[in-house]
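Asker: My questions will all concern the structure given below.
The values are calculated or read from the model by the stated rules, or taken from the named source; none is laboratory data. Note that the structure is a prediction, hence the values are computed from the model and not measured. FYI the Cβ positions are ideal-geometry reconstructions off the backbone, even for glycines, and counts take in every protein chain you see. Side chains are part of the model used for accessible areas, which takes the heavy atoms of the whole protein and leaves out ligands, DNA and RNA. Shrake-Rupley method; radii C 1.70, N 1.55, O 1.52, S 1.80 Å.
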Amino acid sequence: MKWQLHNVDAIPWLIDQSSDNFDALVTDPPYSSGGLHTGTRTADSPNGKYLNDPGKYPEFTGENRDQFSYMQWSTLWMTHAHRVLRAGAPVMVFSDWRQLPVLTSALQAAGFTWRGIVAWDKTEGVRPQKGRFRQQAEFVCWGSKGKWHSSDGPVLPGVFRYSVAAGGPKLHTTGKPVPLMADLVKACPSGSVLDPFAGSGSTGVAVIRSGRFFVGCEREEAYFNVACDRLSEIA
Ligand SMILES: C[S@@+](CC[C@H](N)C(=O)[O-])C[C@H]1O[C@@H](n2cnc3c(N)ncnc32)[C@H](O)[C@@H]1O
């Protein structure tokens, strides 16, 4: 078996893990974003906020925090994640433009060294806004637990261009393309990669295909089942 997926809340699960246990963290937490107004952001379901067709995917929770509480919650889970990672472990956490400032603060408050931002260019297939800029990018805030694990290896790009559906159909409201996840995983050491917010398992697919070991948590049973089916097909 090249993976473990747990149908649990990530925070108590992280608290139960032993220290210095995983080699990298690559994750896409709920953004608590979207919607034009605070009321929409904090009250609407994720599918209502993010999709034209809200019935297309199962719902998920954890999307109702305002920016202040999102920063506190991010600091909380990243503090526990910091403890369970080995020294030198890379950390990569997705965000959108709205939450990026608080996420970079939370990452540092949790004890990580913040090293930069990778941009995911989602191509022209998304969010046209007449007379304004297209919401075409999401971001990966990256850093490490102390010193970066290696001073060797290929130079990796800082911008990746993939459509949302690249590499196969999207299986989650906010699913990420597997080729993008595969590019991010290249910066991880061999060993284990942790994703506490696994969703439909896109990180897991990329991790397993790379020959590394995947450990994930997903709280919603519907997505846990989607991810298990997906990971079982490849390993
Ligand atoms: C942005 S989605 C991840 C999507 C994933 N990258 C993919 O490609 O399918 C975040 C996921 O985190 C899950 N989640 C939210 N809060 C959680 C928690 N406290 N513990 C575990 N999972 C949680 C949600 O159910 C959701 O599926």
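Asker: Among (1) modelled with pLDDT of 95 or more; (2) within 16 Å of the ligand (Cβ to nearest atom); (3) under 16 Å from the mean Cα position of the chain (by Cα), there is one condition Gly116 misses while meeting the rest; what is its number?
Answerer: Tallying (1) modelled with pLDDT of 95 or more; (2) within 16 Å of the ligand (Cβ to nearest atom); (3) under 16 Å from the mean Cα position of the chain (by Cα), Gly116 fails exactly one: (2).
Asker: For the condition modelled with pLDDT of 95 or more and open to solvent by less than 70 Å² (accessible area, probe 1.4 Å), what is the one hit in Asp44, Asp23, Asp16?
Answerer: Asp23
Asker: Which pairs do you get when a residue that is of a type in the set (Asp, Glu) and at pLDDT 95 or above, found in the stretch 179-203, comes within reach of a residue that is part of a strand (DSSP E or B) and within 12 Å of the ligand (Cβ to nearest atom), reach meaning Cβ atoms under 6 angstrom, with the pair 6+ apart or on two chains?
Answerer: Asp195/Val26; Asp195/Thr27; Asp195/Gly216
Asker: Considering only residues that are under 17 Å from the mean Cα position of the chain (by Cα) and more than 12 Å from the ligand (Cβ to nearest atom), look in the stretch 214-230 and name the one that is surrounded by the fewest Cβ atoms within 10 Å (Cβ to Cβ).
Answerer: My answer is Val215.
Asker: Here's a follow-up. For Val118, are the conditions met, namely being of a type outside the set (D, E, K, R) and touching a helix residue (DSSP H, G or I) at 6+ places or on another chain (Cβ under 9 Å)?
Answerer: Yes; evaluated as a whole, the condition is true for this residue.
Asker: Between a first residue in the stretch 20-33 that is within 18 Å of Gly204 (Cα to Cα) and a second residue that is surrounded by fewer than 20 Cβ atoms within 10 Å (Cβ to Cβ) and β-branched (Val, Ile, Thr), which pairs have beta carbons less than 9 Å apart while being 6 or more apart in sequence or on different chains?
Answerer: Pairs that qualify, where the first residue is within 18 Å of Gly204 (Cα to Cα) and the partner is surrounded by fewer than 20 Cβ atoms within 10 Å (Cβ to Cβ) and β-branched (Val, Ile, Thr), are Pro30/Thr61.
Asker: Inspect the stretch 137-147 for any residue being hydrophobic (A, V, I, L, M, F, W, C), open to solvent by less than 40 Å² (accessible area, probe 1.4 Å) and within 12 Å of the ligand (Cβ to nearest atom) and give the result as yes or no.
Answerer: Scanning the stretch 137-147 turns up at least one residue that is hydrophobic (A, V, I, L, M, F, W, C), open to solvent by less than 40 Å² (accessible area, probe 1.4 Å) and within 12 Å of the ligand (Cβ to nearest atom).
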